[in-house]
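Student: This structure is in structure tokens; I'll ask about it shortly.
Laboratory data are not the source of any read-out in this text; all were calculated from the coordinates shown. Nothing here was measured: the structure is a model prediction, and the numbers come from that model. FYI the Cβ positions are ideal-geometry reconstructions off the backbone, even for glycines, and counts take in every protein chain you see.
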Amino acid sequence: MKYFLHGGKNEIAGLIDPKFISWLHSACVTNMLFIPFAISESQWQKRWEQVNQFIDLGKIEVSALTLTNLDRKRDELIHSADGIYLPGGSQTVLLNRLKSTAVWADIMQKADTIKVIGGGSAGEMALGEKTLVGRHQVSKIVDGLSVFKNCILDSHFSKRDRQPRLLAALEQQNNMYGIGIDEDTMVLFDEDQKVEKVIGKGRAYKIDINKKVTVL
């Protein structure tokens, strides 16, 4: 399994970037499933059901599992997917919905057939072992999905000056590292979660367990 993280803002532009699509092809992805549970507004849940109208990944099929089609399409969409993407919104809403519906548990049961997992903004942050809650200041730190173990992920990094809050959060955790990603920026990782490529307008930063900051 490979991984990709988007730092937020123009997520769709990043997803249809030819460099990203080429990377998906190299990972042999055939069906990308979008799960927009982080979005609170019901009209956007319906909009995502027509994901193929605004996201074109070439030969890769696209579909979306939403709150409005969950009962009808859950098994079919999860079974056929070999790529997963969690769009942005609210990380707490996303985590609560993934867990309360057991959708994430279903995905993890077929993890050996998933070729890529990614997230953008709140979806990116939810993939860490711990997830920060709060737009500017951290109001609390909750359990994430642990796709990136021993890690806290942050988005909108430079635009919202989030390095201080990520450093502060890491001070409260034992032996964890952090990754902060700028807006309009995507980081592509290999199977060992080592960086393969950074694409987009900004940068990505790693803060190691000794609180040293490096550009990825």
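Student: Between residue 46 and residue 214, what FRET efficiency follows from the Cβ-Cβ distance if R0 is 45 Å, with the result rounded to 0.05? The partial results should precede the final answer.
Tutor: On the way: r = 42 Å, r/R0 = 0.94.
For residue 46 and residue 214, the calculated efficiency is 0.60.
Student: Within the set 159/212; 46/201; 73/140; 9/197, which residue pairs have Cα atoms separated by over 26 Å? Let's see the in-between values first.
Tutor: Working: 159/212 20 Å; 46/201 30 Å; 73/140 34 Å; 9/197 19 Å.
Listed pairs above 26 Å: 46/201; 73/140.
Student: Taking only DSSP H segments of four or more residues, each worth -39500 (n - 2.57), what value at 222 nm results for the chain once the sum is divided by all its residues, to the nearest 500 deg cm²/dmol? Each step should come with its number before you reach the end.
Tutor: On the way: 8 runs with 64 residues, N = 216.
Roughly -8000 deg cm²/dmol at 222 nm, from the helical runs in the chain.
Student: With an 8 Å cut-off on Cα pairs and a minimum separation of 6 or more residues, tell me the relative contact order of segment 41-126 in percent.
Tutor: Numbers: 80 pairs, mean separation 25.3, N = 86.
Relative contact order of segment 41-126: 29 percent.
Student: Nearest 0.05, what FRET efficiency do residue 111 and residue 59 give at R0 = 22 Å with Cβ-Cβ as r? Please report the intermediate quantities before stating the final value.
Tutor: Numbers: r = 24 Å, r/R0 = 1.08.
Efficiency, from the Cβ-Cβ distance: 0.40.
Student: Cα centroid distance between segment 154-209 and segment 1-49, in Å?
Tutor: Using only Cα atoms, the two centres lie 19 Å from each other.
Student: Let me ask something additional. Work out the FRET efficiency for residue 167 and residue 76 from their Cβ-Cβ distance, taking R0 = 35 Å, and round it to the nearest 0.05. Walk me through the intermediate numbers first.
Tutor: Values: r = 44 Å, r/R0 = 1.25.
The computed FRET efficiency comes out at 0.20.
Student: Now a separate question. Order these by the 10 Å Cβ neighbour count, fewest first: 61, 183, 191.
Tutor: 191, 61, 183
Student: Given Cα pairs under 8 Å that are at least 6 residues apart, what percent is the relative contact order of the chain?
Tutor: Values: 491 pairs, mean separation 50.6, N = 216.
Contact order relative to length: 23 percent.
Student: By counting other Cβ atoms within 10 Å of each Cβ, how are 179, 39 ranked from fewest to most?
Tutor: Numbers: 179 26, 39 21.
By the 10 Å Cβ count, ascending: 39, 179.
Student: Around residue 189, under 10 Å between beta carbons, what's the net of Lys plus Arg minus Asp minus Glu among the other residues? Please report the intermediate quantities before stating the final value.
Tutor: Values: positive: 2, 194, 197; negative: 190, 191, 192, 196.
Once positives and negatives cancel, what remains is -1.
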